[in-house]
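Engineer: I'd like to ask you about the structure that follows.
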Amino acid sequence: MRLIHAELIKMRHRTMTYVLLATQIGVMAFVFVVVGLIVGPLLADVRDLPLGQALVPLRASGAIVGDFVFGGLGSLLAVIYAGAMVGADYSWGVVRNPIARGESREVYMLAKAVAIGLVVALGAAIAFVAGMLMVVITALTAGLDLGGFTLDTLLQLVGGWGLGTLVLLERAAIAIAVATLLRSQLAGIVVAIVLYVAEPIIANVAMAVGQFGQLFTPGATPAVHWSQFLPFSVGSSVLNEGYVALPALMGEMFVANVPLVQAVPVVLAYGAAAIGLAMLVMRRQELT
Amino acid sequence: MAVATRGLSKRYGRQPALLGLDMSVPRGKVYGFLGPNGSGKTTTLRLLTGLLRPDAGQMWMFGEQFGWGDRRRLFRVGSLIETPAFYPYLSGRDNLRVLAAAGPATPPDRIEAVLGYVGLGERSKSPVGTYSLGMKQRLGVAAAMLSDPDLLILDEPANGLDPGGMVALRETLRWLTSLGKTVLISSHLLAEVEQLADVVGIIDRGRLLREGLIDDLLRASGEIRVRVAVEEMPRAAEVLRRLAPDKPLYGIDNGPQAGWFQVSVETGRTAEVNRALAEAGIYATGLEARSSLEQFFLQLTAHEAPR
């Protein structure tokens, strides 16, 4: 607990913590303000249009906010943050200090990962709540009916928030492992971003090649492809299946999402493996 | 012994850093660890503090042998290795707070105490990024003292300190040894080490060249400079050669009035040198006994050009 508290002190005082959260909320706010102020008044009967349908019912708007907070932008920021927090210890040389005081290397890394997870989860929760508030404000600004605010919808939002947080933590854990391996703040951030961006591209190419025949087969049943089990892609399946991401609204196209019952354990396994790898690397690392 | 190593070896890839280091740091003393750049000093300190894994050899701390994974011995050690490293956006006090969470349990009031020892009380709430090199160095010493350790390992602690800071550091380390603590200090500031250390070890190319009480080493390694008239120089050289047949003798002609001879004999033999010259009818116009750690260090390590 002492170590986790110390890690939280470090993150509480780091400007980056607030800058990234502000970026997340700021971008969301910008989009919703644009939608509320421009799109709403321009389209008299927006309720009947796809955009209005997507934005207003809470279940669907939860997916839009979730896509911001847990999907594209949120995951990117979580990867940057986790990579920076771990990499900074190496770039500033401070990782030597606790180890030279006799602290367990594995426990130190685990405490750091737990603290990063707590901050990422808290930041995501704040951003998610802020996003949902923006939905309400946008709907009111555009004169739209919120509609569908039932207990079922609320539970679905909470469930989506939980699944989204799980995915975010898995992606942050991967960035922690990358930064520990590379021992650098900048390299940790850059490589984690490259992985985050490159993996879906590779997965999409692999899927396109693998499912090429289905493009010309009308009515073919979408199938799960092996590339969807890659670390970042399987997280996307969780977000889609849990209606926490925008693609979920569009339905399945050429491939099916990995079912939650498979995807969630895989995400958990990737997260645990990433932290385990970071601890193992830290245990064996020579600190110069 | 507070620290002992036998046959300690370490390579960085194909580059050897330590080649069988045997060192012994007695308890309750200040041990000056000296060596040219790249001689293996910092590598040794990193091995002792568990940052590096040795390739071969044994290490003991307070009489107990330890290996790479035996981290609990470090609860009795405070260290400052190379440049002091801190979170630049945290204050000095917060840096010590987060450091105190690692390793041995540290009472909260200890943070204020060590900040006071190094004279950083007033600036302790400022971000470390705004500190001068000397202030960071002082904070590094405070961090090393945080757990009230029995052994302090300090790598170049006087770097960047102003004269006042160096005096304060010297007094603090002296005070710590008076409490029975052991200080292992590596430094390039030989005059500083000479004032501070009880024991020195000189390392070069990964091997310990000499180790012992500083007084004993200096006594055995002094030099005497003799000033005689120029016309007396050939005869004076003969006398000095007889006196110290296997020691180097340098003649330095400073002009028509007088010349200098420098002979490497123990500084305790000054009177003997003077008498021998007088008995030969040569009256020295100057006789100077020189003995310094710097000179001793340079003699030992002068076999190669600086790297």
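Engineer: Short version: ³J(HN,Hα) in whole Hz for each residue of region B:92-107, in order, from phi by Karplus 6.51 cos²θ - 1.76 cosθ + 1.60 (θ = phi - 60°), x for Gly and Pro, what are they?
Structural biologist: x, 5, 5, 4, 5, 4, 5, 6, 5, 6, 9, x, x, 4, 10, x
Engineer: Please count, across chain B, the pairs of lysine residues with Cα atoms under 24 Å apart that sit 8 or more places apart or on different chains.
Structural biologist: Within chain B, the lysine pair count is 7.
Engineer: Return one number: the angle in degrees, 0 to 90 and rounded to the nearest 10, between the long axis of the Cα atoms of helix B:270-279 and the longest principal axis of the Cα atoms of chain B.
Structural biologist: 10
Engineer: To continue, here is another question. Tell me the mean residue ellipticity at 222 nm calculated for chain B from its helices only (DSSP H runs of n ≥ 4, each -39500 (n - 2.57), averaged over every residue, nearest 500). Mind showing how you got there, number by number?
Structural biologist: Numbers: 10 runs with 97 residues, N = 307.
Taking each H run of at least 4 residues, the total per residue is -9000 deg cm²/dmol.
Engineer: Mind giving me the nanometre distance, one decimal, between the label points for A:Val281 and A:Met16, set 7 Å out from Cα along Cα→Cβ?
Structural biologist: In this crude spin-label approximation the distance works out to 1.5 nm.
Engineer: Calculate how many DSSP beta bridges within chain B are antiparallel, expressed in % of all such bridges and rounded to the nearest 5.
Structural biologist: Of the beta bridges lying entirely in chain B, close to 70 percent run antiparallel.
Engineer: Let me ask something else. For each of B:Thr267, B:Thr5, count neighbouring Cβ atoms within 10 Å of the residue's Cβ, then give the residues from fewest to most.
Structural biologist: Fewest-to-most Cβ neighbours within 10 Å comes out as B:Thr267, B:Thr5.
Engineer: Next up: Quick check: residue separation of B:Glu171 and B:Ser292 times 0.36 nm, minus the Cα distance between them. What number comes out in nm?
Structural biologist: Working: separation 121, 0.36 × 121 = 43.56 nm, distance 2.12 nm.
Separation in residues times 0.36 nm, less the Cα-Cα distance, equals 41.4 nm.
Engineer: A further question on this structure: Any idea how far apart B:Ala278 and A:Thr141 come out in nm if each label point goes 7 Å out from Cα toward Cβ?
Structural biologist: 10.3
Engineer: If I model a spin label as a point 7 Å beyond the Cα along the Cα-Cβ vector, how far apart are those points for A:Leu260 and A:Asn204 in nm?
Structural biologist: Calculated label separation equals 2.6 nm.
Engineer: While we're on this one: Go ahead and run the numbers for FRET between B:Gln58 and A:His5, Cβ-Cβ distance against an R0 of 25 Å, rounding to 0.05. Could the numbers behind the result be given before it?
Structural biologist: Working: r = 38 Å, r/R0 = 1.51.
Approximately 0.10, to the nearest 0.05.
Engineer: Using only C-alpha atoms and all pairs of different ones, pull out the Kirkwood radius for region B:3-218 in Å with one decimal.
Structural biologist: With all distinct Cα pairs of region B:3-218 included, I get 17.5 Å.
Engineer: Along each principal axis of its Cα atoms, how long is region B:222-290 end to end? Whole angstroms, biggest number first, please.
Structural biologist: 29, 22, 19
Engineer: Taking H placed 1.01 Å from N in the peptide plane, check which residues at least 5 places from B:Leu80 or on another chain put their amide H under 5 Å from its amide H.
Structural biologist: It is B:Ile153, B:Leu154, B:Asp155, by chain and number.
Engineer: Taking other Cβ within 10 Å of each residue's Cβ, how do B:Lys29, B:Lys247 sort, fewest first?
Structural biologist: Least crowded to most crowded, the residues run B:Lys247, B:Lys29.
Engineer: Over the protein assembly as shown, what lengths in whole Å, largest first, do the semi-axes of the equivalent ellipsoid take, defined as the square roots of 5 times the eigenvalues of the alpha-carbon gyration tensor?
Structural biologist: Ellipsoid semi-axes (Å, largest first): 70, 24, 21.
Engineer: Here's something else I'd like to know. Can you compute the FRET efficiency between B:Asp198 and B:Lys247 using 1/(1 + (r/R0)^6), with r the Cβ-Cβ distance and R0 = 35 Å? Round to the nearest 0.05.
Structural biologist: Working: r = 27 Å, r/R0 = 0.78.
So, using R0 = 35 Å, E works out to roughly 0.80.
Engineer: Now for a different question. How would you rank B:Asp150, B:Asp155, B:Asp109, going from fewest to most other Cβ atoms within 10 Å of each one's own Cβ?
Structural biologist: The fewest-first ordering by Cβ neighbours comes to B:Asp109, B:Asp150, B:Asp155.
Engineer: Which percent, to the nearest 5, of DSSP beta bridges fully inside region B:141-273 are antiparallel?
Structural biologist: 75
Engineer: Give me the Kirkwood hydrodynamic radius of region B:1-105, using the inverse of the mean 1/r over all pairs of distinct Cα atoms, in Å to one decimal.
Structural biologist: 15.2 Å is the Kirkwood radius here.
Coordinate-derived values only; no laboratory data. Just so you know, these numbers come straight off a predicted model, no measurement behind them. All Cβ positions, even for glycine, are placed from backbone atoms using ideal geometry, and neighbour counts span all protein chains on display.
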